[in-house]
Amino acid sequence: EGDSDEEEGDEEGSDVVEEYEHSGEVEKEFDGDDGEDDEVGDDGDGDGDGDGDSDEQEEGDGEEIDAEDSEDNEIATHHSSVTRSTDSDEPRKSLHTATATAAAAQPGVKYTPPHSRALTASDALVRAVKGHLNKLSERNLSGILAEFQTLYRQHPRAHVTQLLSTTIIDLSTRAAGLSAISLTYVALMAALSSVIGVEVEAKFLEDIASKYEESCAQERADEACNTLLLIVHLYSLKALHHDIVFEIAQRHISRFREIDLELLLLLLRRCGPRLRADNPMALKELIVNVNRQVQTVGSTAAGDNANQVRVNFMLEMLTDLKNNRAKPSDVDSSSSYARVRKDMKSAIGSAEIREVRVSFETLLDAKQKGRWWVVGDLKNSRDSSEQDDTFQPLADESSKLRALAQRLRINTVVRRSVFYAVMTSEDVIDAFDKVCHLQLRGEQEREIVRVIVHCCLNEKTFNLFYTSLLVKLSASAPSHKFTLQYTLWDRFKALKKGTTSPTQLGHLARLTATVVAEGVLSLTILRTLDMHILEQPEVLMLQLFFRQIFRENETTFQSIISKVQAAQNSVATTEPIVYFLTTHFLAEKANSGDPG
């Protein structure tokens, strides 16, 4: 498995299959051999010869013992003088001054100042995030996006997302007139949401909603306006659905305070024409509610001249929106958004800009009712408080996991680490973070996919958690995709030996069909199976596999077929598949009288 093989993936020709079959690269059985632990661990085993060398040196240097004794006497005299100076009233030299002097006396040793010593990972991450944000502009959006992707691979994703969200909100709401730089920040978050995952923008929105509600409650107008601009930018870049914008507008109409009037004006001025184009009926309802609110509480809300001017200006703006009379400023803002969106598309490549659809109330209640973007985190509102109070972690959880790992014959250090990371995770995202945090390299990294496949096949019922995790891992690095291909080939070979149980056989068929339907692998994964000479377990697995494939929608099925046709030497793949379908699949359906 070289670097060139990893780049070709599952699209490589028949030469890769022959190389695989003759190389003897078969998956290591989970046979419980604890001896493999010796292969995983400390890399520095060359420290054992130092004692022998020192003994020989002592035997050969007997003539220099007197000189060493004299040096020891000088060191002892120096230590006693240092002790006397410490007991005296003379001030002591600082530690970093002594270290600097010692480093300067030794050639080739670089002095490290105190503020650079013991730099923790969090400090390094904060510096990296702030440094990249300071360099960010429309022109280098693609380069900065690549730098943040590197940070996501090197640090826990939740930490990077939280730090990035907090920093951007703090920088964007610090002072007025930061619309241009905040637009670039928002474009970066939307691009990261497309290439990393929707949880990036979702966490960003949750923090924005919390900050915005706090600013409105305390009537900090400048801060609230700057925070609202972040939402407007996301919506104008087509990374946020218009429902949340109308919901925010209705909240301000119902309160109709001075700060609400100012925020409504900002909202209508920035994205009024786009709202009219996206949902004209909702905009019409908003105009009716504004007129009704002006008539109901107009005397109290617009009693002074300043508020009356705002109300009149807003009514005039709503009339222009209703009659589709756009102002030059609206055209300029739409062109700037189109330019930034074009830069985003070039930065994310083949990925698509995701439009997040979520309500403002859901963002505000995320801590109490759960985060919708985290699988399994949504809680029942009537017993969420009870769950928080009564939940206690199992005291023997680690012992149970050790027993389960031993039963599954996962006994090496690396495999157990991957197994614990997957089994103790809350969802797919958490499992991905924990597995990446192990920082495995080379042969050890391949154990990630092998352990996940092994756990998937040994479940009592098929669990889509493992397939989702494999899809996410394969999208993050081509090496995982290549390892998954070889692992499935090993499992196909095991079918001939008769060591695969019926449950494992069904799980293997569904796992293979799912990764093919998701586009991780193609039908060329089946080329190692000789369709003309198949054992009964292989026939059963392939029948279950194609049943699962044919259940997919037409778009997915066409995508699977097109990938096979686009591959090199596609005839060598399609002819055996057609032979199997006509011999073992369609013929069986015809004999059973099944019209499907």
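The values are calculated or read from the model by the stated rules, or taken from the named source; none is laboratory data. This structure is a prediction, so every number in the text was calculated from the model and none was measured. Methodologically, a virtual Cβ is constructed for each residue, glycine included, from the backbone with ideal geometry; neighbour enumeration extends over all protein chains shown. To get the accessible areas, we keep the full protein, side chains included, count just its heavy atoms, and leave off ligands, DNA and RNA. Shrake-Rupley method; radii C 1.70, N 1.55, O 1.52, S 1.80 Å.
Structure values in brief
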{"item": "Residue that is modelled with the lowest pLDDT [pool: residues in the stretch 178-206 that are open to solvent by 30 Å² or more (accessible area, probe 1.4 Å) and within 18 Å of the chain's Cα centre (by Cα)]", "result": "VAL198"}
{"item": "Residue check for PHE546: open to solvent by 10 Å² or more (accessible area, probe 1.4 Å) and within 20 Å of PHE462 (Cβ to Cβ)", "result": "no"}
{"item": "Extreme residue, surrounded by the fewest Cβ atoms within 10 Å (Cβ to Cβ), among residues of the stretch 428-453 that are of a type in the set (D, E, K, R) and in a helix (DSSP H, G or I)", "result": "GLU443"}
{"item": "Output for the stretch 421-473, where each listed residue is farther than 21 Å from GLN406 by Cα and of a type in the set (Val, Ile, Thr)", "result": "VAL428, ILE429, THR467, VAL471"}
{"item": "Close pairs (8 angstrom Cβ cut-off, 6 or more residues apart or separate chains): under 13 Å from HIS454 (Cβ atoms) in the stretch 493-505, surrounded by 14 or more Cβ atoms within 10 Å (Cβ to Cβ) and of a type in the set (A, V, I, L, M, F, W, C) anywhere", "result": "THR500/ALA494; THR500/LEU508; GLN504/LEU457"}
{"item": "Residues of the stretch 331-364 that turn out to be in contact (Cβ under 8 Å) with a residue 24 or more places away in the chain, surrounded by 14 or more Cβ atoms within 10 Å (Cβ to Cβ) and of a type outside the set (S, T, N, Q), as a count", "result": "16"}
{"item": "Residue list for the stretch 260-279, restricted to those being closer than 12 Å to PHE246 by Cα and of a type in the set (A, V, I, L, M)", "result": "LEU264, LEU267, LEU268, LEU275"}
{"item": "Residues of the stretch 406-434 classified as β-branched (Val, Ile, Thr) and over 16 Å from the mean Cα position of the chain (by Cα), total", "result": "6"}
{"item": "Among (1) within 26 Å of VAL516 (Cα to Cα); (2) assigned to a helix (DSSP H, G or I); (3) among the small types (Gly, Ala, Ser), the one test that SER425 misses", "result": "(2)"}
